[in-house]
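J.: After the structure tokens below, expect a handful of questions from me.
The values are calculated or read from the model by the stated rules, or taken from the named source; none is laboratory data. Computed from a predicted structure; not experimentally measured. Quick reminder, even Gly has a Cβ in these numbers, built from the backbone with ideal geometry, and neighbours come from all protein chains shown. All accessible areas refer to the heavy atoms of the entire protein, side chains included, with ligands and DNA or RNA removed. Shrake-Rupley method; radii C 1.70, N 1.55, O 1.52, S 1.80 Å.
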2 protein chains.
Amino acid sequence: MYRSHNCGELRIEHVGQEVTLSGWMYANRDFGGMTFIDLRDRYGITQVVFNETEDKPLAEKASKLGREFVIQVVGKVRERSNKNPNRPTGEIEIEVKTLNILNQSKTPPFTIEDETDGGDDLRMKYRYLDLRRKPVQDNIIFRSKLSLEVRKYLNSQSFVEVETPFLIKSTPEGARDFVVPSRMNKGQFYALPQSPQTFKQILMVSGLDKYFQIVKCFRDEDLRADRQPEFTQIDCEMSFVTQEEILNTFEGLTKHLFKETLGLEMEDFPRMTYDEAMLRYGSDKPDVRFGMEFREINDLVKGQDFKVFDEAELVVGICCPGIADNYSNKDIKKLTEWMQRPQIGAKGLVYVKFGKDGSIKSSVGKFYDEEQLKKWGEHFGAKAGDMIFVLSGETDKTRKQLNELRLEMGRKMGLMKAGDFKPLWVVDFPLLEWDEESERFHAMHHPFTSPKKEDVERMLNGDHETMKALRADAYDLVINGVEIGGGSIRIHDRALQSRNFDLLGFTKEEAEAQFGFLLSAFEYGAPPHGGIAFGFDRLCSVMNNQNSIRDFIAFPKNNQGRDMMIDAPSPIDDEQLTELSIDVVKEEVV
Amino acid sequence: MYRSHNCGELRIEHVGQEVTLSGWMYANRDFGGMTFIDLRDRYGITQVVFNETEDKPLAEKASKLGREFVIQVVGKVRERSNKNPNRPTGEIEIEVKTLNILNQSKTPPFTIEDETDGGDDLRMKYRYLDLRRKPVQDNIIFRSKLSLEVRKYLNSQSFVEVETPFLIKSTPEGARDFVVPSRMNKGQFYALPQSPQTFKQILMVSGLDKYFQIVKCFRDEDLRADRQPEFTQIDCEMSFVTQEEILNTFEGLTKHLFKETLGLEMEDFPRMTYDEAMLRYGSDKPDVRFGMEFREINDLVKGQDFKVFDEAELVVGICCPGIADNYSNKDIKKLTEWMQRPQIGAKGLVYVKFGKDGSIKSSVGKFYDEEQLKKWGEHFGAKAGDMIFVLSGETDKTRKQLNELRLEMGRKMGLMKAGDFKPLWVVDFPLLEWDEESERFHAMHHPFTSPKKEDVERMLNGDHETMKALRADAYDLVINGVEIGGGSIRIHDRALQSRNFDLLGFTKEEAEAQFGFLLSAFEYGAPPHGGIAFGFDRLCSVMNNQNSIRDFIAFPKNNQGRDMMIDAPSPIDDEQLTELSIDVVKEEVV
């Protein structure tokens, strides 16, 4: 037996007991003939003491232990004279009689502390040491707890967890698939699922009624910040449901998770249509922890010889409370430059300052007199001390830019408070998105999403322009400006699904080759159904006020899709290639 | 709202309520101006009634509904005059006022009944219909419940569920990997994990202490009966543990699962060493639901001029109680032929019948007189009416053959009773297995398994013959002759692990290339650790007295690794191949 207790559980009531502990040498201090060691495991830290006067060889052995050595100690629990109130075990210590070195350790390449001196690459290469750090370990344990609560809740709601296959069929539509050559079927490939979408719909056709799965999904995308080639979804589908019932079920789940893991009671989630979200925030995932909503001021600004505004499709701004008097020209210049970076692409930034002293200053003071600017102020509800920023141009672009500005100001003004969770359902997304470049429609959610009931007729018989206006029973859950999940009511009718594939530019043959099994399934009594999927990694990070999903994944990959610890991917044997009937194409040297 | 209740929940106390139900048209009967329909969903079947005299058009519409149509009915719950005690809803029926056809159905290619007329191929192609059948749906729901209970139990024991990556590194050792070409790292490949073995050990090095995961694993093997290229494991690992603690933990888990899902209280599991299992049953996974244990009779049979026995390394038999008088010469001939098939390869089969009348008959009566045969009988504990079968030859082969015979007789004699669960721990497996053909050692469990403490010294310094005798802290859980899981205490010392790689024929370079990260990790304070993995598909099938895992997997593949429903694997676009820098090698036409 390696231990009688773990390093986090001994308390004052254990005093006098002989115990055995095992763990890592976290820190040691020599102090007046005594060696104190902090022994660490997942559960906590316990102080163990070696007394030179009692057992000199033992104390010497102890004083020579290196950081991260794995040791076992046997000894008596005693009350500490110098208690540590910040540590659950801080009232006691172990008076060691026996010390076993279970394993040695080289000096770690970075410190195993909450704040480490290790850079990202080093931490990833030695992930096994990084995972010893409490903040990372806490994240992984949080994730485990959260997944169990998801399962408990959904089970309590009669959901069945079903494992769908990982070796499926490649569907070129959408993101790129990872593919897997089949040895037994030469020249053929499996694909790893981007999501279990078609399978969960098939499960509804099969009468499973309520399905869920916490499941890995795969996308071979160029990895932008904080994307992973493999990620985890809470994937769900329900039969005989309306959008309303799905929203209520998953609002219930979300409340349960916040309550059970963070102890937070959440109020009912507000809902907002996609159109309204775009109008008020210029985003389909607004952060509603703070206001500074958009105000459109076309009516107030046109016809005053300010060409920029006169020619703009949209003139729109936000009002930032209380910053007018401490926002210098330099600040404004910096902000304008930030907005003009190619990532955002604003042409300029108009401001109006309403000083605490009643003064009004604006970058467009030449064109608009104080009376007019006051009217702007009224329209924005600006008070003395507030500052308005205005952008103008083509509607979609301008909204996008102003959304960036609003978020940036929210950050700067400290309005995105950690621990303040503001969920929002965004509903009634457009069904289709017209892509000017490829001159075709894309599915806004995915090709299985149903138009709203009242739009079905128009979808089946309408013209091209009509299609742009179709609305879907599609919804996103947004928390603090982060899209946690999204879903839709699905099409369950073969004819309507075929029409959707037509609109999305599939030939009949392509649709049949890729989704023939689903279209067939729809002919054998498919029930009305719909579902949702939550990004599980993202949910973990948002609930912990963190921006990156990486530290909620035990073994993440870097931006080149590499696992730095195991050094994958890597070349494989020629023999393996031969068995799989594939060849690697060598790059041509020009 | 599609339904106020599901099809399984209405009872006598709901009589008088107006309800809305949705489901599938399972069966209909026209009967004296009434149409009775059995409406089915996952939760049950409810009878709904249409009365011609009350609403003729409605009744006519109902009588025209086809099998598996999806319908919604609104009506009043009333007490049935003709109750069905076999159905939980059998006391009530719905007097329908409104009928909506939600979707139509073509006639299914096979009947949606407990016993269907669909063959395997048809069932797999239309798996969505097959999954509507109650026995298959029950299996899938059982699996979900079982997985939740696994998680609840292991969480209650402080295990953390950690998701390990699916895109890892190919290790040619062991079974064949499925590989995934990397687009971003040309000419390089990920592999899908055969198990999370190295990652779970890394998690122990990282101090997670207790890890588990219910996880998909992948093996590109030629699919023999009832193997799947993707399968699911309950994968676990613990730090600072001995074999004893692991066995107790997972015996606790197993008992919990049987209790919570089947309502069965299990007694403590017996344990048996590998050597003893081979001696008594000729198998490392004996079915101990019945006796008929092996008796070795070398001492009794040698030197009586029966050459076959005289030359044999081992003469061994079993005693089948009570069958002597009804086992005809024809039966014996058939059994002998069965044993002589190439799959088993016995040369012959010796029997001795102890008739109820005291007579003794034997196929080797020429060589052994009645007195001698009586002694055999005593040795076997044979009573009047029993029959002994004896095999001889090289020890390992003969044991294997007799194991097959014992199981066959167990089946024939009805001794493998469904619902009779007999678990067994088999412990102390050999560490290494000598392969005559390749003239090298294989790891009996896997290359990370630790020798028993008392064998470490011999392993580090012993000669070739010594290696064959090494015993490992390795164990299997066997239930009813099926290996449910296996595990071991792992090596946590770099030097010992290197020695093991040497013995297994890895060069230093190969070991470093494939497992360098693990060897490195062992240098930074790896704790003693060990673990186990259960085959989850197998556990499901054994707990339900079924031989095949296939119907506990929602979407299984066939023996060619194909998913018949979605028709995968399949060719992919040339564009995809180009992006991945791979080519398909065309078969040469000779």
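J.: Among B:Arg42, B:Arg29, which is within 47 Å of the chain's Cα centre (by Cα) and in contact (Cβ under 8 Å) with a residue 40 or more places away in the chain?
T.: B:Arg42 is the lone residue from the list that is within 47 Å of the chain's Cα centre (by Cα) and in contact (Cβ under 8 Å) with a residue 40 or more places away in the chain.
J.: Please work out if A:Ala191 is facing another protein chain (nearest Cβ under 8 Å) and either aliphatic (A, V, I, L, M) or free of Cβ contacts under 8 Å to residues at least 40 places away in the same chain (or both). Spell out the reasoning first.
T.: Values: facing another protein chain (nearest Cβ under 8 Å): yes; either aliphatic (A, V, I, L, M) or free of Cβ contacts under 8 Å to residues at least 40 places away in the same chain (or both): yes.
Considered against the rule, which asks whether it is facing another protein chain (nearest Cβ under 8 Å) and either aliphatic (A, V, I, L, M) or free of Cβ contacts under 8 Å to residues at least 40 places away in the same chain (or both), A:Ala191 comes out as yes.
J.: Another question about this same structure. Which one of the conditions (1) crowded, with 24+ Cβ neighbours inside 10 Å; (2) within 19 Å of B:Phe441 (Cα to Cα) does B:Asp502 fail to meet, given that it meets all the rest?
T.: For B:Asp502, the exception is condition (1).
J.: Sticking with this one: Is one or more of the residues making up the stretch B:445-452 more than 14 Å from every other protein chain (Cβ to nearest Cβ), touching a residue at least 12 places away in the same chain (Cβ under 8 Å), open to solvent by 20 Å² or more (accessible area, probe 1.4 Å) and farther than 25 Å from A:Met1 by Cβ?
T.: Filtering the stretch B:445-452 down to residues more than 14 Å from every other protein chain (Cβ to nearest Cβ) leaves B:445-449, B:451-452.
Add one more test, that the residue is touching a residue at least 12 places away in the same chain (Cβ under 8 Å), and what stays is B:445-449, B:451-452.
Next cut, open to solvent by 20 Å² or more (accessible area, probe 1.4 Å) only: B:445-446, B:452.
Checking which are farther than 25 Å from A:Met1 by Cβ leaves us with B:446.
Scanning the stretch B:445-452 turns up at least one residue that is more than 14 Å from every other protein chain (Cβ to nearest Cβ), touching a residue at least 12 places away in the same chain (Cβ under 8 Å), open to solvent by 20 Å² or more (accessible area, probe 1.4 Å) and farther than 25 Å from A:Met1 by Cβ.
J.: Checking A:Asp220 against (1) at positive phi; (2) buried (at least 22 other Cβ atoms within 10 Å of the Cβ); (3) at pLDDT below 95, only one condition comes out false. Which one?
T.: (1)
Conditions tested, residue by residue: (1) more than 7 Å from chain A (Cβ to nearest Cβ); (2) modelled with pLDDT of 90 or more; (3) under 23 Å from the mean Cα position of the chain (by Cα).
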{"position": "B:Met543", "(1), (2), (3)": "yes, yes, yes"}
{"position": "B:Pro571", "(1), (2), (3)": "no, yes, no"}
{"position": "B:Leu577", "(1), (2), (3)": "yes, yes, no"}
{"position": "B:Ile582", "(1), (2), (3)": "no, yes, no"}
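J.: It is to be established whether one or more residues within the stretch B:306-315 are open to solvent by less than 70 Å² (accessible area, probe 1.4 Å), within 30 Å of B:Phe421 (Cβ to Cβ) and more than 27 Å from the chain's Cα centre (by Cα). Don't jump to the end; show me each part of the working.
T.: Restricting attention to the stretch B:306-315, the residues satisfying the condition of being open to solvent by less than 70 Å² (accessible area, probe 1.4 Å) are B:306, B:309-310, B:312, B:314-315.
Now restrict to residues that are within 30 Å of B:Phe421 (Cβ to Cβ): none.
No: zero hits.
J.: Of the numbered conditions (1) under 30 Å from B:Asp574 (Cα atoms); (2) over 20 Å from the mean Cα position of the chain (by Cα), A:Asp268 fails exactly one; give the number of that condition.
T.: The one condition A:Asp268 does not meet is (1).
J.: If you scan the stretch B:223-250, which residues turn out to be buried (at least 22 other Cβ atoms within 10 Å of the Cβ) and at the interface with another protein chain (Cβ under 9 Å from one of its Cβ atoms)?
T.: Passing the criteria: B:Pro229, B:Thr232, B:Ser239, B:Phe240, B:Val241.
J.: Yes or no: B:Asn82 at pLDDT below 95 and surrounded by 19 or more Cβ atoms within 10 Å (Cβ to Cβ)? Show your work before the answer.
T.: Details: at pLDDT below 95: yes; surrounded by 19 or more Cβ atoms within 10 Å (Cβ to Cβ): no.
Criteria not met by B:Asn82.
J.: If you don't mind, there's one more thing I want to ask. Mind counting the residues in the stretch A:114-133 that are open to solvent by less than 80 Å² (accessible area, probe 1.4 Å) and of a type outside the set (Lys, Arg)? Lay out the reasoning, then the answer.
T.: First pass over the stretch A:114-133, keeping only residues open to solvent by less than 80 Å² (accessible area, probe 1.4 Å): A:116, A:118-119, A:122-124, A:126-133.
Going one step further and asking which of them are of a type outside the set (Lys, Arg), we end up with A:116, A:118-119, A:122, A:124, A:126, A:128-131.
Total meeting the criteria: 10.
J.: Kindly list, by first and then second residue, each pair from a residue in the stretch A:194-217 that is at the interface with chain B (Cβ under 8 Å from one of its Cβ atoms) to a residue that is open to solvent by less than 20 Å² (accessible area, probe 1.4 Å) and at pLDDT below 95, limited to pairs with Cβ atoms under 7 Å and residues at least 6 apart or on different chains.
T.: What qualifies is A:Thr198/A:Phe515; A:Thr198/A:Leu518; A:Ile202/A:Leu518.
J.: Looking at A:Leu402, A:Leu415, can you tell me which residue is in a loop (DSSP other than H, G, I, E, B) and modelled with pLDDT of 95 or more? Talk me through it step by step, then tell me what you get.
T.: Values: A:Leu402 fails: in a loop (DSSP other than H, G, I, E, B).
On inspection, the qualifying residue turns out to be A:Leu415.
J.: Another question, if that's okay. Tally up the residues in the stretch A:360-376 that are touching a Lys or Arg at 6+ places or on another chain (Cβ under 8 Å) and surrounded by fewer than 17 Cβ atoms within 10 Å (Cβ to Cβ), please. So that I can check it myself, show each step before the final result.
T.: Initially, the stretch A:360-376 is screened for residues touching a Lys or Arg at 6+ places or on another chain (Cβ under 8 Å), giving A:360-362.
Now drop any that are not surrounded by fewer than 17 Cβ atoms within 10 Å (Cβ to Cβ), which leaves A:361.
So the answer is 1.
J.: List the strands (runs of 3 or more DSSP E) inside the stretch A:291-390, counting only whole elements, that have at least 2 residues being of a type in the set (Val, Ile, Thr). Even if it seems obvious, please write down each step before you answer.
T.: Working: elements: A:314-320, A:350-354, A:360-362.
Per the criteria, A:314-320, A:350-354.
J.: Of the residues B:Gly531, B:Gly486, only one is surrounded by fewer than 24 Cβ atoms within 10 Å (Cβ to Cβ), under 19 Å from B:Gly174 (Cβ atoms) and assigned by TED's automatic domain parsing to the domain that holds B:Ser438; which? If you could, list the steps in order and put the result at the bottom.
T.: Working: B:Gly531 fails: surrounded by fewer than 24 Cβ atoms within 10 Å (Cβ to Cβ).
Sole residue among the options that is surrounded by fewer than 24 Cβ atoms within 10 Å (Cβ to Cβ), under 19 Å from B:Gly174 (Cβ atoms) and assigned by TED's automatic domain parsing to the domain that holds B:Ser438: B:Gly486.
J.: Right, something else. Identify, from the list A:Leu257, A:Leu264, the residue that is open to solvent by less than 10 Å² (accessible area, probe 1.4 Å) and either among the aliphatic types (A, V, I, L, M) or not assigned by TED's automatic domain parsing to the domain that holds A:Ser548 (or both).
T.: Sole residue among the options that is open to solvent by less than 10 Å² (accessible area, probe 1.4 Å) and either among the aliphatic types (A, V, I, L, M) or not assigned by TED's automatic domain parsing to the domain that holds A:Ser548 (or both): A:Leu257.
J.: Let me confirm something: among A:Ile141, A:Ile92, which residue is at pLDDT 95 or above and open to solvent by 10 Å² or more (accessible area, probe 1.4 Å)?
T.: On the way: A:Ile92 fails: open to solvent by 10 Å² or more (accessible area, probe 1.4 Å).
Among A:Ile141, A:Ile92, only A:Ile141 is at pLDDT 95 or above and open to solvent by 10 Å² or more (accessible area, probe 1.4 Å).
J.: Then there is this: Counting only residues that are touching a Ser or Thr at 6+ places or on another chain (Cβ under 7 Å) and within 11 Å of chain A (Cβ to nearest Cβ), which one in the stretch B:5-19 is surrounded by the most Cβ atoms within 10 Å (Cβ to Cβ)?
T.: B:Cys7
J.: Another question about this same structure. Suppose we keep only residues that are in contact with an Asp or Glu (Cβ under 9 Å, 6 or more places away or on another chain) and among the hydrophobic types (A, V, I, L, M, F, W, C) within the stretch B:564-579. Which one would you say is nearest to A:Ile202 (Cα to Cα)?
T.: The qualifying residue nearest to A:Ile202 (Cα to Cα) is B:Met564.
J.: Restricting attention to the stretch B:534-572, report how many residues are in contact with a Gly (Cβ under 7 Å, 6 or more places away or on another chain), surrounded by fewer than 22 Cβ atoms within 10 Å (Cβ to Cβ) and within 18 Å of B:Gln228 (Cβ to Cβ). Lay out the reasoning, then the answer.
T.: First, pick out the residues of the stretch B:534-572 that are in contact with a Gly (Cβ under 7 Å, 6 or more places away or on another chain): B:534-535, B:545, B:571.
From the residues that got through so far, the ones that are surrounded by fewer than 22 Cβ atoms within 10 Å (Cβ to Cβ) too are B:535, B:545, B:571.
With within 18 Å of B:Gln228 (Cβ to Cβ) added as a condition, the list becomes B:535.
Of the residues in that region, 1 qualify.
J.: Name the single residue, out of those in the stretch A:20-68 being within 12 Å of chain B (Cβ to nearest Cβ) and among the acidic types (Asp, Glu), that is farthest from A:Glu95 (Cα to Cα).
T.: Out of the qualifying residues, it is A:Glu68.
J.: With touching a residue at least 12 places away in the same chain (Cβ under 8 Å) and more than 30 Å from B:Tyr211 (Cβ to Cβ) as the only criterion, which of A:Leu65, A:Leu10, A:Leu58 stands out? Even if it seems obvious, please write down each step before you answer.
T.: Numbers: A:Leu65 fails: more than 30 Å from B:Tyr211 (Cβ to Cβ); A:Leu10 fails: more than 30 Å from B:Tyr211 (Cβ to Cβ).
The conditions single out A:Leu58.
J.: Quick test of your reading of the structure: A:Leu519 fulfils all but one of (1) of a type outside the set (Lys, Arg); (2) in contact with a helix residue (DSSP H, G or I) (Cβ under 7 Å, 6 or more places away or on another chain); (3) open to solvent by less than 20 Å² (accessible area, probe 1.4 Å); (4) within 9 Å of chain B (Cβ to nearest Cβ). Name the failing condition by number.
T.: (4)
J.: Among the residues of the stretch B:100-108, is any without any contact (Cβ under 8 Å) to a residue 40 or more places away in the chain, surrounded by 18 or more Cβ atoms within 10 Å (Cβ to Cβ) and under 30 Å from B:Gly531 (Cα atoms)?
T.: For the stretch B:100-108, residues without any contact (Cβ under 8 Å) to a residue 40 or more places away in the chain, surrounded by 18 or more Cβ atoms within 10 Å (Cβ to Cβ) and under 30 Å from B:Gly531 (Cα atoms): absent.
J.: Take residues that are over 24 Å from A:Ser105 (Cβ atoms) and tell me which of the strands (runs of 3 or more DSSP E) falling wholly in the stretch A:1-62 contain 1 or more. Show your work before the answer.
T.: Numbers: elements: A:18-31, A:34-41, A:44-51.
In the stretch A:1-62, A:18-31, A:44-51 are the strands (runs of 3 or more DSSP E) which contain 1 or more residues that are over 24 Å from A:Ser105 (Cβ atoms).
J.: Follow-up question, since we're still on this one. Given the stretch A:69-179, what helices (runs of 4 or more DSSP H) lie entirely inside it while holding 3 or more residues that are within 24 Å of the chain's Cα centre (by Cα) and more than 10 Å from every other protein chain (Cβ to nearest Cβ)?
T.: Details: elements: A:120-125, A:127-130, A:134-156.
It comes to A:120-125, A:134-156.
J.: Follow-up question, since we're still on this one. For B:Gly561, indicate whether it is under 30 Å from B:Met238 (Cβ atoms), at the interface with another protein chain (Cβ under 9 Å from one of its Cβ atoms) and in contact (Cβ under 8 Å) with a residue 40 or more places away in the chain.
T.: On the way: under 30 Å from B:Met238 (Cβ atoms): no; at the interface with another protein chain (Cβ under 9 Å from one of its Cβ atoms): yes; in contact (Cβ under 8 Å) with a residue 40 or more places away in the chain: yes.
Here the answer is no, as B:Gly561 does not meet what is asked.
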